[in-house]
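The structure appears right after this line, and notes come after that.
The values are calculated or read from the model by the stated rules, or taken from the named source; none is laboratory data. Note that the structure is predicted; figures quoted are calculated from it, not measured. Note: ideal-geometry Cβ built from the backbone for every residue, glycine included; neighbour counts use all protein chains shown.
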Amino acid sequence: MKKYFAIVAIILLAGFSFRVLAQYSDSGPLFSFRGVLKGILNDIEEVAQAVASEVRNPFSATPAPAQPSGENSFTFAVIGDTQRFSAGNPNGNFQRAVKDIVADNPNLVISTGDLTGTCESYTECVQKHEEWKKIAAPFLSKTYAAMGNHDNVGNKGVKAWQDVFNFPTNGPSGYSEVTYSFDFKNSHFVFLDSDVPDEHQINEAQRNWLDQDLAKNKKENTFVVFHEPAWPVSSKIGESLDTQTGQRDALWSIIAKHNVTAVFNGHEHIVSRRKVGSIYQFVFGNTDSYNHDLPKPGVAEYASQVQGSFGIVSVNGKEITVKVFDPANKELNSFSFSK
C-alpha cells in the first residue's frame, strides 16, 4: 500500500508545481487558481481510480474481477450420451446442459460419444448429427467428440461423421477425424474410437499410433477420451472394452506408461469416478439418455444417476478439478487431484 500513496503524492506534487510555474511563465498567467485546483482534483480522481483497480476494497461485497487465465490454466466441459435428445424440445436435458455450459463459458467442450441414438444409414447419420450440431451451436466451434457405438451402427456412420464434423485429421491411416489429438495450452488431448472397425476394442492400429503420439507429447497434462470404458463399473460390464481383456490391458499399459492425467468415457448412463492403478477414469454418460444402474459398493469412488449431468474440468498447472453438475447447474460433486 505504501508505494501507492507515494505515487499519489508524487503525482499531486508534480501537478501542483507545474501549474504554479505555468502561471509565472513568460507568456503570462495560463491558469486561474480555480483552474489549478480543478486540475489537482482531476489528478486525485484519476490516481484514486488507478489505485482502486489495483487494490481491492476489503469492505466491498463485490468480488475481485477474475484474473485472465494463463498458459497453464483453463477449463473444459464434458458431456456424453446425448442420444435421447429431441431436436424440437428446447427444455430437453441436452438443451439445458448447453445453456448451463454456455453460462460457465469453458475454453473447450468434449463429448464422450453416442451423440445420437440411431445411426444405421448415411442419410440418417447425417440428419441426426446435423440436429446435434444445431443444439450445440453456441459452443460448437470449440467442441471435440469421440464416436460412440450408436454413432456408427454397422460401420455405417464413419463417412457421415467425417462429412458433418471437422475434427483433426492427424490420426492413423483409415481413422481420419475419429482418432486424433491436439494441444491446448499446457495439455494434450487424444480421442480414440472404441467401435471402429469392431465394437468393444481399441485395436492395434490405434494403440500403435497412440503410443507414438504420446511419446512425442511434451505437455504437462494428457487427457484421453474414448466412448466405451476400459473398466466399466455397472450396467456395461461385459459390454465395454472388458470383453477383449488382452486388447484392453495393452491399451491401459500404454496409458500408464505415458502417465496420462485422466481418461474420459461415456457408454454407461451414469457419472462415475474410478481409479485404475495410477489413472483416474471418469465416465460422463447421462447428459440426455436413460438411467443405468449405480455400481455396487466399493467399485467406484463416486457415482451419480442424475439425468442431464455434465462436467466442468478446471486445469491449473497439474492440479485438476472435476466438478459434476445437474441440469439446473447445481454442483453435485467436486474432486481434485494432481499428477
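Values for this structure:
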| read-out | value |
| --- | --- |
| So S176, is it surrounded by fewer than 17 Cβ atoms within 10 Å (Cβ to Cβ) and in a loop (DSSP other than H, G, I, E, B) | yes |
| Per-region count, the stretch 205-217, residues part of a helix (DSSP H, G or I) and farther than 28 Å from G238 by Cα | 5 |
| Residue within the stretch 185-195 that is surrounded by fewer than 14 Cβ atoms within 10 Å (Cβ to Cβ) and either in the same structural domain as G285 (by TED's automatic domain parsing) or modelled with pLDDT of 95 or more (or both) present | no |
| All positions within the stretch 163-211 that are in contact (Cβ under 8 Å) with a residue 24 or more places away in the chain, among the charged types (D, E, K, R) and closer than 20 Å to K128 by Cα | D163, D193, D195 |
| Residues (surrounded by fewer than 24 Cβ atoms within 10 Å (Cβ to Cβ), within 22 Å of K142 (Cβ to Cβ) and among the charged types (D, E, K, R)) located in the stretch 76-96 | R96 |
| Condition broken by P297, with the remaining ones in (1) in a loop (DSSP other than H, G, I, E, B); (2) under 22 Å from F184 (Cα atoms); (3) free of Cβ contacts under 8 Å to residues at least 40 places away in the same chain satisfied | (2) |
| Count of residues meeting criterion [out of contact with any Phe, Trp or Tyr (no Cβ under 6 Å at 6 or more places or on another chain) and surrounded by fewer than 17 Cβ atoms within 10 Å (Cβ to Cβ)] in the stretch 251-291 | 9 |
| Selection count where residues are at pLDDT below 95 and surrounded by 17 or more Cβ atoms within 10 Å (Cβ to Cβ), scope the stretch 197-243 | 1 |
| Members of the stretch 250-278 found to be closer than 22 Å to Y144 by Cα and assigned to a strand (DSSP E or B), listed by number | A262, V263, F264, N265, V271, S272, R273 |
| Selection status of I135, crowded, with 23+ Cβ neighbours inside 10 Å and within 24 Å of the chain's Cα centre (by Cα) | no |
| Scan of the stretch 73-111 for residues that are under 13 Å from S289 (Cα atoms) and out of contact with any helix residue (DSSP H, G or I) (no Cβ under 7 Å at 6 or more places or on another chain), ordered by number | G80, D81, R84, S86, G92, N93, A97 |
| Residues of the stretch 179-204 that turn out to be part of a loop (DSSP other than H, G, I, E, B) and closer than 24 Å to A136 by Cα, as a count | 6 |
| Verdict on I312 being within 23 Å of A256 (Cβ to Cβ) and β-branched (V, I, T) | no |
| Pairs with Cβ under 8 Å, 6+ apart, first in the stretch 142-162 and within 11 Å of S194 (Cα to Cα), second β-branched (V, I, T) and surrounded by fewer than 23 Cβ atoms within 10 Å (Cβ to Cβ) | M147/V158; N152/V158 |
| Test for T116: is it in a loop (DSSP other than H, G, I, E, B), without any contact (Cβ under 8 Å) to a residue 40 or more places away in the chain and among the polar types (S, T, N, Q) | yes |
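Listed here are the residues, each with its yes/no results for (1) at pLDDT 95 or above; (2) closer than 23 Å to T222 by Cβ; (3) over 18 Å from the mean Cα position of the chain (by Cα); (4) among the basic types (K, R).
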position	(1), (2), (3), (4)
E54	no, no, yes, no
F59	no, no, yes, no
T75	yes, yes, no, no
F85	yes, no, yes, no
A97	yes, no, no, no
P106	yes, yes, no, no
G113	yes, yes, no, no
T116	yes, no, yes, no
C119	no, no, yes, no
